[in-house]
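The values are calculated or read from the model by the stated rules, or taken from the named source; none is laboratory data. Model, not experiment: these values are computed from the prediction. All Cβ positions, glycine included, derive from the backbone under ideal geometry; neighbour counts span all protein chains shown. These accessible areas exclude ligands, DNA and RNA; they are computed on the full protein's heavy atoms, side chains included. Shrake-Rupley method; radii C 1.70, N 1.55, O 1.52, S 1.80 Å.
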Amino acid sequence: MTGKDTPKKIAVLGSLCGITSQYWDNFGRRHRTSQATYRDLLSAMGVDWEDPEGLDREIARRHLGSWGAMLSPVQLIKPAPALAGTTMRIWSPGPEPPAAVDVLAEMVSETGERYRWERRLKVAGRLKSQAVPGGFRVAVRLPLPADLELGYYDLTLKVRSGGRSESGRTKLIAAPTQAYAPAWLEEGRRAWGFNLPLYALRSRANWGVGDFADLMEVVRWAGPLGAAFVGVNPLHAVGGRASADPSPYSPTSRIFLNVLYLSLETAPEMAACRKAQDLVASPEFQAAKARLAAASLVSYREVHHLKRRVLKLLYETFCEAHGLPEAPPLSDRGQEFARFVAVGGESLARFGQFSALTDHLQQGDWRRWPGPYQHPENPAVAEFAREHEKEVRFHQYGQWLAATQLGQVGQEAKQQGLPFTLYEDLALGASPGGFDTWAHQELFARGPAIGAPPDAFNPQGQNWGLPPLIPERLRASGYQLFINTLRANLPAGGMLRMDHVMGLFRLLWIPHGMAAPRGAYVNYPARELLAILALESVRRRALIIGEDLGTVPPRIRRELGKSGVFSYRVFYFERDGNRHFLAPEAYPARAMATVTTHDLPTLTGFWQGHDLALKRTLNLYPEAGLAEADAAAREQDRRILLEDLEYRGLLPDNAASKPEAGDPCPLELREAVLSYLAQSAAALMEVRLEEVFGVPEQQNLPGTQKEHPNWRVKLPLTLDQMEQSPEPARLAARLNKARNQ
């Protein structure tokens, strides 16, 4: 493409598609969007910019905005009693706007309830009209039924004007103004709870990775200590191959569960499956199980192998005793599985197909499959599913067991009196070769990855390797994937942490082959996404925590607060103008306070400089002098930390017992920091097990893959040892006292 105006037009088109022209990183440096970045991201969005006519056509179409179509894909409405109607854009031929139009409307609720009415509507004079090819598009106020409740409605309109007719459809969303929060929390009570990496738990029973039975045990232990919740890493399904990325933040699907967390010895079929019992009891199996359980790192490949062998035997027993959903179920349990498959619908059917294809082709990345299998709508996929029905059902059976066991954890939390059933974590996206991108290819951009600009902990920026959703296509789809993802992850009566919640507003798209700082932010339809989040939150009575760290414009935090989303405040980052740690009373009330996150050093690691030593060893500093600057800043942070704790009277009176900078991090210092945070005004406080037991290793070191054992390091103590240790009870007493003041 040539022409001196072309770069300017490409920038205009990029802006109309949500690509921002510049951004500032956490160091205050401005990054302007280059022509190369504009072009790469527009191509990834499927936008025609490469020839002059296409470029002009795309600009003209987007300039019309909401006036370019009769109905937008989605419209927000206010539920009763505030409901008064909604504005529609109507096309009419002729040289002048019409005075009125005839409208036939039909609306269907989620439960199938139908509303039908016909009206002659006056054109709203106070609302502008827009000239479009062949006539005008004018605004009318469409009345809606007065008894509409919260929910989604499919609206179809047929409009007659000037002898012409036009039809259109839209999804109406009647949403609350704010996400759910329990009344007791809104009344000023403060609570605390544990957070833990489930995979890192050790126990006498697990097979080398923490499982749902272990999580149940933590819930039973946490309740009597006074904890209000137990939080875990994302529980999403990982790749079907044993070599898949172990990161819970790069799953194959955010809708389905990771079956490695199954406690197979407590599965109902185990009691009736002699083959599985014999296999588990065999010396070979017991030796492998003992070795994996004793290891300091999780070996996902070997755990996958052990659990897969047993799960297949349990599935065979289930089929023999209870039948498959296509045949008449032989028992109540068989009927229960049939209902699970029916409720799962097309999504669960496709997940079973995808997982079975992964096994059959010995390849977990669908982009490397033979062409006929690369799209779920292809006939070859349907033929494969018919020929391998039992294998497809095997993966659905695993999901059924996982969903059942996770549900039992929530029930146990209720029985133990915890105010929240579970505190779950929702990853930002899914892996590029995984199930979600295979099943919804039209929604994901190919090529770019999402990430973050440079900051103090990650001076090179971050590329998370996750493909972004295309905002325009997500909206055109009625946000169904987003809705389904929330429904799959919101624990009824619990809490959901949304990783990088700024993704509801904007995401940094990084073109393939470029460094993170050369990416550009792309805007998302936040108002509608927040409305859906509030609706699903209220329906499940689940509180929402938004991980609002990194480069966060103030307006985003304000909008999140207005929508009832709790902020996520990390102790390390909460500072005043003199770099002292923010006073506890200065924390916002609608927030979750925490010392650290999975991507940051533990408190022990922070004090001892463990993370800085790792980054230096692994050459993660992009510029000379940054390592020395980090070391000097950390030394200052340790000094300031001691000053702030002493000012609050949280350190021992005996000066000789006070830790010196550079010494190992003692229990008294960890307890002092947690007590400091417990005094904060934040309604919720998260205590990671790594802080309780002084673990220096962090779960993930950003910027590394094979160089560091990310998502594999286990906690040093078994569950039995944790329960018998005096430290949790001692700490809980301090937290209960501080939080209940």
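Length available on full extension from GLU50 to MET514: 0.36 nm per residue minus the Cα-Cα distance, which gives 165.0 nm. Could you tell me the calculated FRET efficiency between ASP5 and LYS562, based on Cβ-Cβ distance and R0 = 30 angstrom, to the nearest 0.05? In this case the efficiency is close to 0.15. Shown here is the pair-distance distribution of the stretch 468-596: with all Cα-Cα distances grouped in 10 Å bins from zero up to the longest one, the shares run 11, 38, 33, 15, 2 percent.
A probe of 1.4 angstrom, applied to the heavy atoms of all protein chains, finds LEU504 with accessible area near 10 square angstrom. Note on SER725 and ALA272: the model spin-label points, each 7 Å out from Cα along the C-beta direction, lie 4.2 nm apart. Pairs from the list LYS307/LYS714; LYS78/LYS158; LYS562/LYS615; LYS8/LYS171; LYS307/LYS390 with a Cα-Cα gap above 28 Å: LYS562/LYS615; LYS8/LYS171. Inverting the pair-averaged 1/r between distinct Cα atoms of the stretch 565-610 gives 11.6 Å as its Kirkwood hydrodynamic radius. Hey, with R₀ at 41 Å, roughly what FRET efficiency would LEU279 and LYS706 work out to, going by the Cβ-Cβ distance, to 0.05? Approximately 0.80, to the nearest 0.05. When the inverse distances between all different Cα atoms of the stretch 395-445 are averaged and flipped, the Kirkwood radius reads 13.7 angstrom. Relative to the current alpha-carbon distance between ASN619 and GLU646, full extension at 0.36 nm per residue lengthens the span by 6.1 nm. Legend: Rg and Dmax of the stretch 587-696, from Cα coordinates, 14.9, 43 Å. Rounded to the nearest Hz, the phi-derived 3J(HN,Hα) couplings of the stretch 639-644 under the Karplus curve 6.51 cos²θ - 1.76 cosθ + 1.60 (θ = phi - 60°) are 5, 5, 4, 4, 4, 5, where x marks glycine and proline. Its Cα gyration tensor gives the stretch 11-141 an equivalent ellipsoid. The semi-axes, each the square root of 5 times an eigenvalue, are 37, 21, 15 Å from largest down. Dividing the radius of gyration of the alpha carbons in the stretch 130-214 by their Kirkwood radius gives 1.34 for Rg/Rh.
Each principal axis of the Cα cloud of the stretch 361-454 was taken in turn, and the coordinate range along them, longest first, works out to 53, 48, 22 Å. Net charge dipole, the stretch 631-737: roughly 220 debye, given to the nearest 20, about the Cα centre with Cβ charges of +1 for Lys and Arg and -1 for Asp and Glu.
Keeping every protein chain in place, order GLU106, GLU346, GLU671 by accessible area at 1.4 Å, biggest value first, i.e. largest first. Please report the intermediate quantities before stating the final value.
Values: GLU106 60, GLU346 125, GLU671 5 Å².
These residues rank, largest area first, as GLU346, GLU106, GLU671.
Here the simple spin-label model places points 7 Å from the Cα toward Cβ, and for GLU389 and ARG141 these points are separated by 5.7 nm. Distance from the alpha carbon centroid of the stretch 148-223 to that of the stretch 546-596 works out to 22 angstrom.
Per residue, the chain reaches -11500 deg cm²/dmol at 222 nm when only DSSP H runs of four or more residues are counted, each adding -39500 (n - 2.57).
Residues ASP25, ASP278, ordered by accessible area of protein heavy atoms at a 1.4 angstrom probe radius and largest first, appear as ASP278, ASP25. With a 1.4 Å probe rolled over the protein heavy atoms of all chains, the accessible area of HIS360, HIS598 falls in the order HIS360, HIS598, largest first. Convex hull of alpha carbon positions in the chain: directionally averaged projected area 36.2 nm². Taking +1 at the Cβ of each Lys and Arg and -1 at the Cβ of each Asp and Glu, which of TYR572, GLY334, ALA591 sits farthest along the dipole of the chain towards its positive end, judged by Cα position relative to the Cα centre? Farthest along the dipole direction, towards plus: ALA591.
Would you kindly state how much longer the chain becomes between GLU668 and GLU118 on full extension, computed as 0.36 nm times their sequence separation minus their alpha carbon distance, in nm to one decimal? It would help to have the intermediate numbers written out before the result.
Values: separation 550, 0.36 × 550 = 198.00 nm, distance 7.27 nm.
Difference between extended and current length: 190.7 nm.
Within the accessible area of the stretch 597-739, the carbon and sulfur atoms contribute 49%, probe 1.4 Å, all protein chains present. Calculated translational diffusion coefficient of the stretch 427-503 (4 °C, 1.567 mPa s; Stokes-Einstein with Kirkwood radius over alpha-carbon pairs) equals 93 µm²/s. Nearest 0.05, what FRET efficiency do ARG61 and SER165 give at R0 = 35 Å with Cβ-Cβ as r? So, using R0 = 35 Å, E works out to roughly 0.95. What number comes out for the charge environment of PRO176, summing +1 per Lys or Arg and -1 per Asp or Glu over other residues with Cβ under 13 Å away? Overall, the nearby charge balance is +3.
Reported to two decimal places, what Rg/Rh ratio describes the stretch 411-551 when computed on Cα atoms with Rh from the Kirkwood expression? List each step's numbers first, then the result.
On the way: Rg = 16.3 Å, Rh = 16.2 Å.
With Rg and the Kirkwood Rh in hand, the quotient comes to 1.00.
With kT/(6 pi eta Rh) evaluated at 20 °C and eta = 1.002 mPa s, and Rh the Kirkwood radius from Cα pairs, the stretch 162-312 diffuses with a coefficient of 114 µm²/s according to Stokes-Einstein.
Take the Cα of ASN736, go 7 Å toward its beta carbon, and the backbone nitrogen atoms of the stretch 175-210 under 20 Å from that spot belong to 185, 189-195.
Once neighbouring chains are kept in place and the probe is 1.4 Å, which whole percent of the accessible area of the stretch 6-111 is contributed by carbon and sulfur? Carbon and sulfur: 53 percent of the exposed surface of the stretch 6-111. Pair-distance distribution of the stretch 13-64: all C-alpha pairs, bin width 5 Å, starting at 0; shares per bin in whole percent are 4, 19, 27, 22, 13, 7, 5, 2, 0.
What is the local net charge at LEU42, summed over the other residues whose Cβ is closer than 10 Å to its Cβ (Lys, Arg +1; Asp, Glu -1)? Mind dumping the intermediate values first?
Details: positive: ARG39; negative: ASP40, ASP48, GLU50, GLU58.
It works out to a net charge of -3.
Only sites in a loop by DSSP and with at most 13 other Cβ atoms within 10 Å count here; which trypsin sites (Lys or Arg not before Pro) in the stretch 164-234 make the cut?
On the way: sites: ARG164, ARG169, LYS171, ARG189, ARG190, ARG202, ARG204, ARG220; in loops: ARG189, ARG190, ARG204.
In loop regions of the stretch 164-234 (DSSP not H, G, I, E or B), the sparsely surrounded trypsin sites (Lys or Arg not before Pro) are ARG204.
Counting only heavy atoms of protein chains, what accessible area per residue, in Å², does the chain have with a probe of 1.4 Å?
Values: 31330 Å² over 741 residues.
For the chain, the solvent-accessible area averages 42 Å² per residue.
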